[in-house]
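The block underneath contains the structure these notes are about, expressed in structure tokens.
The values are calculated or read from the model by the stated rules, or taken from the named source; none is laboratory data. Keep in mind that what you see is a predicted model, and the values were worked out from it rather than measured. FYI the Cβ positions are ideal-geometry reconstructions off the backbone, even for glycines, and counts take in every protein chain you see.
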Amino acid sequence: MLKSKFQTFKDKKVLITGHTGFKGSWLSQWMVILGADVYGISDCIPTVPSNFKALGLENKINHSLLDINELKELQERIQEIKPDFVFHLAAQPIVSTSYSNPIETLKTNAIGTANVLESLRYLENKCVAIFITSDKCYENVEWEWGYKETDPLGGKDIYSASKAAAEIIISAYYRSFFLNDKNIRLASSRAGNVIGGGDWAKDRIIPDCIRSWSLNEMVTIRNPYATRPWQHVLEPLSGYMTLAVDLWDSDIRNGESFNFGPNTENNITVLELLEKLSTHFEFESTEDAYFYDKNQSFPEAGLLNLNIEKAQFHLKWKPVLDLAQTIHFTGEWYENFIKGDVNMDEYTTSQINNYLDFAEEKYIN
Ligand SMILES: NC(=O)c1ccc[n+]([C@@H]2O[C@H](COP(=O)([O-])OP(=O)(O)OC[C@H]3O[C@@H](n4cnc5c(N)ncnc54)[C@H](O)[C@@H]3O)[C@@H](O)[C@H]2O)c1
């Protein structure tokens, strides 16, 4: 079902902002496989190692280095491309950085998003734009129920506030400029904590572990009891793509927001996740793999579940991988990367194809 649905992207111009990052590089790879004409806009290649580099994307897509805070340049580039689809992922996505650099975080996540929206106003072709915010855009009241798309936005920390602000800006742009625009259709999407190979961001739990574990070193963890809705990167990407195809075919869901999260069995603590993931590395016991440092912790939400019934009902989207598969996909990717002699372009493509095969079964049942 997903395989045939995603044929929509073949030969289409697909612009991905944040294409050099974790999710953006996976989405670029997937779009290349589907035969899309892929364009990327990012300010830099943010990490070493880099999934963008490992996949050889520089040679497979139209790649521009550009800051989304520079409105004029962004507008000109988007006018040049005239994309059929836009996936806006460029952001300052790290919670710890939002404490050290709040203004930059607010600027890129809120005003940068406004700049993308402003650039779309002058397009004269049909274009579907998916704006990626976060599960953290909701006012977190630390309850055990999943947040619905209609729950209040908010944020106790700057990163969360920047994502809530982005949501408000998207909604205001939609209602002010795009409601009666026949060309532009858009939606926002909110996903939870994403794991998977190829993430090398700083101060994120999995990349932090892999950096240490690949050197056979113990990792220091800050918030072991935080529960997160862990999902493999291919899950929210399949959600964004499903939403984009839905909007391409019909304007019924235009201007709406959708959550994409895992089934509740994937809601486990950081500690439980590390226990399972560390089995991919050669530690005699988990005590050699990680260490909890109470002094290094900083305030982060304790519990944050998403209700995904809207996406299931209206888009017929569903999460495909169970918890074991999610961790297996992630651990195997890094194991292969660390070996140093595996073609990661081919390996990553094989994970995408495996995911689609699992999806075929899951969507039938
Ligand atoms: N990874 C997660 O667990 C997660 C969870 C919820 C939401 N998100 C959201 O998904 C999106 C992608 O996240 P990611 O994990 O791939 O992040 P990432 O840090 O790996 O990638 C961010 C990308 O944005 C680009 N970027 C940053 N500032 C820019 C600017 N001023 N101009 C142009 N490009 C800029 C970077 O170069 C990079 O390509 C973000 O909006 C993030 O907030 C991620």
GLY261 fails exactly one of (1) surrounded by fewer than 21 Cβ atoms within 10 Å (Cβ to Cβ); (2) in contact with a Leu (Cβ under 7 Å, 6 or more places away or on another chain), namely (1)
Identify, by number, the condition in (1) closer than 30 Å to TRP248 by Cα; (2) hydrophobic (A, V, I, L, M, F, W, C); (3) within 9 Å of the ligand (Cβ to nearest atom) that LEU120 doesn't meet. (3)
What pairs can you find where one residue is in the range 344-355 and within 19 Å of PRO49 (Cα to Cα), the other is charged (D, E, K, R), and their Cβ atoms are less than 9 Å apart, with a gap of 6+ or different chains? ASP345/LYS60; TYR347/GLU332
Going through the range 89-115 in order, the residues found to be more than 10 Å from the ligand (Cβ to nearest atom) and in contact with a strand residue (DSSP E or B) (Cβ under 6 Å, 6 or more places away or on another chain) are none
Go through the range 127-155 and count every residue that is surrounded by fewer than 13 Cβ atoms within 10 Å (Cβ to Cβ) and among the charged types (D, E, K, R). 2
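Table: residues versus (1) touching a helix residue (DSSP H, G or I) at 6+ places or on another chain (Cβ under 8 Å); (2) polar (S, T, N, Q); (3) within 24 Å of ILE33 (Cβ to Cβ); (4) modelled with pLDDT under 95.
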| site | (1), (2), (3), (4) |
| --- | --- |
| ASN254 | yes, yes, no, no |
| ASN259 | yes, yes, no, no |
| ASP293 | no, no, no, yes |
| PHE313 | no, no, no, no |
| THR326 | yes, yes, yes, no |
| TYR347 | yes, no, yes, no |
| ASP357 | no, no, yes, no |
Members of the range 10-33 that are more than 8 Å from the ligand (Cβ to nearest atom) and in a loop (DSSP other than H, G, I, E, B): LYS10, ASP11, LYS12
In the range 34-55, is there at least one residue being in a loop (DSSP other than H, G, I, E, B), more than 11 Å from the ligand (Cβ to nearest atom), within 15 Å of ILE16 (Cβ to Cβ) and in contact with a strand residue (DSSP E or B) (Cβ under 8 Å, 6 or more places away or on another chain)? yes
Checking LEU34 against (1) of a type in the set (A, V, I, L, M); (2) more than 17 Å from VAL128 (Cα to Cα); (3) out of contact with any Lys or Arg (no Cβ under 7 Å at 6 or more places or on another chain), only one condition comes out false. Which one? (3)
When restricted to VAL32, VAL95, the only residue among the aliphatic types (A, V, I, L, M), under 24 Å from LEU120 (Cα atoms) and surrounded by fewer than 24 Cβ atoms within 10 Å (Cβ to Cβ) is VAL32
What about GLU76, is it within 13 Å of the ligand (Cβ to nearest atom) and more than 20 Å from the chain's Cα centre (by Cα)? no
If a residue has to be over 17 Å from GLY192 (Cα atoms) and in a loop (DSSP other than H, G, I, E, B) to count, how many in the range 157-174 make the cut? 0
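Each row is one residue, and each column tells you yes or no for (1) within 14 Å of the ligand (Cβ to nearest atom); (2) surrounded by 24 or more Cβ atoms within 10 Å (Cβ to Cβ); (3) of a type outside the set (Gly, Ala, Ser).
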{"site": "ALA164", "(1), (2), (3)": "yes, no, no"}
{"site": "ILE168", "(1), (2), (3)": "no, no, yes"}
{"site": "ARG175", "(1), (2), (3)": "no, no, yes"}
{"site": "ASN180", "(1), (2), (3)": "no, no, yes"}
{"site": "ARG190", "(1), (2), (3)": "yes, yes, yes"}
{"site": "GLY197", "(1), (2), (3)": "yes, yes, no"}
{"site": "ASP208", "(1), (2), (3)": "yes, no, yes"}
{"site": "THR220", "(1), (2), (3)": "no, no, yes"}
For the range 337-359, which positions are over 22 Å from the mean Cα position of the chain (by Cα) and on the phi < 0 side of the Ramachandran plot? ILE338, LYS339, ASP341, VAL342, ASN343
